[in-house]
Every structure is written in C-alpha cells, then in structure tokens.
Amino acid sequence: MKKVKFKGLTGLVEFDQNGMRTSVSLDILELKEEGLKKVGTWNQQAGAQFTTPYEAVLDDVMRQLKNRTLKIVTIINPPYTMLKEPADQLSGNDQFEGYCVDIIGEISRILGFKYHIHLVRDGAHGTKSELGEWNGMIRELIDKEADLVLADLTITYEREEAVDFTMPFMNLGISILFRKPMKKVPNLFSFLSPLSLEVWIYMATAYLGVSILLFMLARLTPYEWVPSHPCDQDSGVLENQFTLLNSFWFTIGSLMQQGTEVAPKAISTRVIATMWWFFTLIMISSYTANLAAFLTIQRLKSPIEGADDLAAQSSIQYGCLNSGSTKTFFKESNIFSYKKMWAVMQAQPSVFTESNQQGVERVLKGNYAYLMESTSIEYMTERNCELEQIGGLLDSKGYGIATPEGSPYRTPISNAILRLQEDGILHLLKEKWWSSNKEERCGQEEKKTSISTSELDLANVGGMFVVLLAGLGFACIISVIEFIWKTKRLSKNERDPVILEFMREVRNIICCGLSSYRAKISSE
Ligand code: GLU
C-alpha cells in the first residue's frame, strides 16, 4: 500500500512511511447566496491560500454588514458621547448624542449596517494591568461583548496588540489644562515698571554724568563767564552760573519737563543742553507711552508655561485620567521630565481622576493642572473662559474605532472614515460639536490678556544713550575750541602757552580752585 501512487478522485494519492497520506490538497469552499463557491486551497506545506480577489472579499464583507446589527460600546465624555436630555424618556440609540454618535451614524449610512450603542460597564477606556488583564471598553471588545468601540479611544501600541484599529478619525496630542491666572494685585510701585531696572540705572548714571560734564565745560568755556554786575562790565569780577548745584538743577529740570531759570550761553554748553533735552524727550515719551499700557493692562502671567515647568515645581499638583492612554504615556515615557512627573503622580494617586469632567472641576478649584488630550482641552476652553491650554503638545496620536482582532469589518470602516474625511464631513462635525460663541463671551477678557506689555529694556532705548554720549563728546570738543579761541585773543605776555593755560584751567576745575583765567579774560 505504502508504495502505491496514483491519481484518484481527491488528487494524487501517496503515503509516507507511517502510512499517512501525503501531498493532500484541499479546496476551500464558502457558502454564498448562489451556493458553495471555491475561495481557495489548502495543502500541508503552504497552508490556506485564498484565491478570491480582494474586492470580492470586501464585497462579501459589505454584504454581510448590511444584514447585521453591530454592538457598539462607548463612554460618556463630552463632546464625543453625551446623554441626551431628557435621558429618562429616551431609549436605545436615541439616548446618546455627540461627535462619535454622529460619526457612527454617517458610517452606518455608508455601509448600511444597523447598530446598538451601550455604555461601558466599568466607565474606563481601557488599560492593561500588571497581570496583563485589560479593563474598560477594550475588555468588552476582547470578550466579544461588543463589535466596535467608538469613543475618544487613542490608538496605542499596547492596545493594537490586543485589538485592531481603523484609521484615525481625529488627530491630537497630550497637553496641559490650567486655570487662567487671577488678576494681579496692583503694585504700589507699578510706575517703575515701564522701564527695566537696567535702564533706570543707566538713566541715573546719565543724569549724574551730564550734570558733572555740564559743570566742567561751563567752567572751561570762557563764554559762560560773565560780569557779576551787568551794569558794571569792567568790574573785573566774573561769575559762572553753572555751579555744581545749578548744573544738577538744570538737568533735573529738563528731565522733569519743567525747565529752570539757568540758561546756557556758550555753544558747548548749549550743545550739551540740546542733547540732554533730546534724550529726555525720547525717554519721557517712551516712558509715558509704556506707563499708559502698564496701568490699563493688568499683566496676567501663568506660573507655568509648559510640562517642564510643571515637572520642576512642587506647589501645583497635576494629574490625568485613570485607565487612559495619557496615564500609560507617562508611565512608559523615557523622557526625563515626564518620568519625573510620573514618579510624582504615582506617589500621590489622588491626582488621578475617574473622568475628564472631574479633572476640569479640580482645575477650576485652582492649584491643579490636568494633563488632557488637546481636542478635549479645546472643547473645555471654548466653553469656559477661566480655562486655558498651557504649552504645546507632548506627543502626537489619533483616535480610532477599535474592532476585535482579525475583524473583517475593519477595512470597510476605515474606508468609510476616509470617505468622510475627504468629503469634509469629519471637519463639519468637529465644527458642530466644538465651536461655541466664545468670542462673544470671553472676547473682552481675551483681548485684555492677549495684548502683552513688557518693560522697555536697553535694547529698546539703548540708541538714545549712544546719541547722548556722542552729543557730550561734541560739546567737549566745542568747549576746547572756545577756550583756545578766547585764549589766543589775549596778548602773549598776558598768558602762558595755550596748552599750559588749558592744563591749569582743567586742574582748577577738578580741584574746584580759583580760576586765574577768569581775571585775564575779563581784562581783555
Ligand atoms: N483617549 C484616552 C484613551 O483612549 C482617554 C483620555 C486620556 O487618557 O486622557 O484612553
């Protein structure tokens, strides 16, 4: 028998050494509406091989879908799925409304199936325990209690191993929901805010510098020396109005936009005065403009600006949804600050919430930041002017519809999602469920907070100091020219060489000594 080999009704007949039949090839038949149809073959080496074209398989699945009522599990989380009011008078799918409910309505319209929505028993999205057990909607899918999960269910690697996902119908990332900062208590010294400390110090230095230089140049230039008695020009007594005190008085007078009775006479001192006036004009107008902005806008600054700030502090608590992908993200992250955040959250399990709504309520109470998915944050901030998103996205992912592993419905549903996306229906639904008249409600507040003012620092007004310095230099040169000019007009036997006279005068100015020069020029 073992040696027999012939072609029979079931194909080639031959046996191995144990008498078992080898080279068996079977046809795979499927019962269709028109009867049994060959859809593939099976043999020991290659296993099952389907010969039906992909389109035919898809057609078949679509045909099956038309006669089915799918069990869909979801979770209450606005605006994805919400209970319609009055909930007690409604039954079946009519009890629910929301973005996901509309999406499944559209998909069922395209694919022609019926569906029945029910809520997940344990109120969880689905996470894997240490023992490898799933909970929430994923669990119901694995246990075949549902055919689809349609909710804000994030596509994750861990979940993909247990169930299948369609292509994403929404893209998002984790971000931070936080309460907008309270209005700042007005500061008694807020008049100092328009300029930075650095600029205030520079201003004070410029004031001192200009006053002293004015004093020195006024002494140097002969044109500031005038007879002390205007009616007696020949008395020989000369006076200089720019004493040290008067020099300080003159500069402060113009800085305060008031002026003084002291007026420069020489070109050099007039140059200094002009530069100083120009400097004060620009500085005072910049100060006034910025002060007006500071007094009308109360600066609202959030104590945190991103996840790194959260990780670096301990006064503000932070948490996320229990049994969700956000928690898994932090648990499995290898990034230093997220790891640190996970350690802090884990040490204090009360920071985890059972629903997003609970998280939002905690944020509103204050001193708590909620790590939430960006689309949900957008929904909440649209509806509550007191809430805001802090920083950007910590990751990037999508929501998908979950099906049991190997489900034939995955591809047609993915195709339907693609169609909804291309037709712009997903966008319209997003608009429908997310947008609100936020502009109207929060408009005023938004405007106030969006205009930000900041103190003027050296980069803004530094140019004015340069102009002032250049002007002072110019005034020094003129003052020296004036001195030389006047000295040269004295006869040679009345004076020493110009350079000696100059050095002597400078020494006199510095040491506040009596000017010998004063007598000479008066006699000229
Ligand atoms: N979308 C999440 C999930 O699928 C739930 C929300 C969250 O974890 O922030 O588990």
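The values are calculated or read from the model by the stated rules, or taken from the named source; none is laboratory data. The shown structure was predicted, so the numbers you read here are calculated from the model rather than taken from an experiment. We place every Cβ from the backbone using ideal geometry, glycine too, and count neighbours over all the protein chains shown. Areas reflect the complete protein model, heavy atoms only, side chains present, ligands, DNA and RNA absent. Shrake-Rupley method; radii C 1.70, N 1.55, O 1.52, S 1.80 Å.
Condition first: loosely packed, with under 12 Cβ neighbours inside 10 Å and over 21 Å from residue 47 (Cβ atoms). Now tell me which residues in segment 1-23 satisfy that.
Within segment 1-23, 1, 2, 3, 4, 5, 6, 7, 8, 9, 17, 18, 19 qualify.
Go through segment 69-186 and tell me which strands (runs of 3 or more DSSP E), entirely inside it, have 3 or more residues that are open to solvent by less than 30 Å² (accessible area, probe 1.4 Å) and closer than 26 Å to residue 372 by Cα.
69-74, 163-165, 174-179
Could you count how many residues in segment 471-509 are free of Cβ contacts under 8 Å to residues at least 24 places away in the same chain and closer than 30 Å to residue 288 by Cβ?
Qualifying residue count for the region: 1.
Only one of these conditions is not met by residue 63: (1) part of a strand (DSSP E or B); (2) within 60 Å of the chain's Cα centre (by Cα); (3) of a type in the set (Lys, Arg). Which number is it?
(1)
Which of the residues spanning segment 347-371 are part of a helix (DSSP H, G or I), over 26 Å from residue 121 (Cβ atoms) and open to solvent by 40 Å² or more (accessible area, probe 1.4 Å)?
347, 364, 365
Could you tell me whether residue 314 is more than 16 Å from the ligand (Cβ to nearest atom), in contact with a strand residue (DSSP E or B) (Cβ under 8 Å, 6 or more places away or on another chain) and open to solvent by 10 Å² or more (accessible area, probe 1.4 Å)?
It is false that residue 314 is more than 16 Å from the ligand (Cβ to nearest atom), in contact with a strand residue (DSSP E or B) (Cβ under 8 Å, 6 or more places away or on another chain) and open to solvent by 10 Å² or more (accessible area, probe 1.4 Å).
Quick check on residue 52: is it in a strand (DSSP E or B) and hydroxyl-bearing (Ser, Thr, Tyr)?
Here the answer is no, as residue 52 does not meet what is asked.
Just to be sure before I move on: is residue 50 buried (at least 19 other Cβ atoms within 10 Å of the Cβ) and either more than 16 Å from the ligand (Cβ to nearest atom) or within 37 Å of the chain's Cα centre (by Cα) (or both) in the structure I sent?
Spelling it out, it is not the case that residue 50 is buried (at least 19 other Cβ atoms within 10 Å of the Cβ) and either more than 16 Å from the ligand (Cβ to nearest atom) or within 37 Å of the chain's Cα centre (by Cα) (or both).
Is there a residue in segment 137-153 that is basic (Lys, Arg) and within 16 Å of the ligand (Cβ to nearest atom)?
Yes: segment 137-153 contains one or more residues that are basic (Lys, Arg) and within 16 Å of the ligand (Cβ to nearest atom).
Residue check, residue 381 against (1) within 15 Å of the ligand (Cβ to nearest atom); (2) in contact with a strand residue (DSSP E or B) (Cβ under 8 Å, 6 or more places away or on another chain), all met but one. Which one?
(1)
Residue-wise test of (1) closer than 22 Å to residue 487 by Cα; (2) modelled with pLDDT under 90.
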site	(1), (2)
225	yes, yes
232	no, yes
251	no, no
255	no, no
260	no, yes
269	yes, no
273	no, no
277	no, no
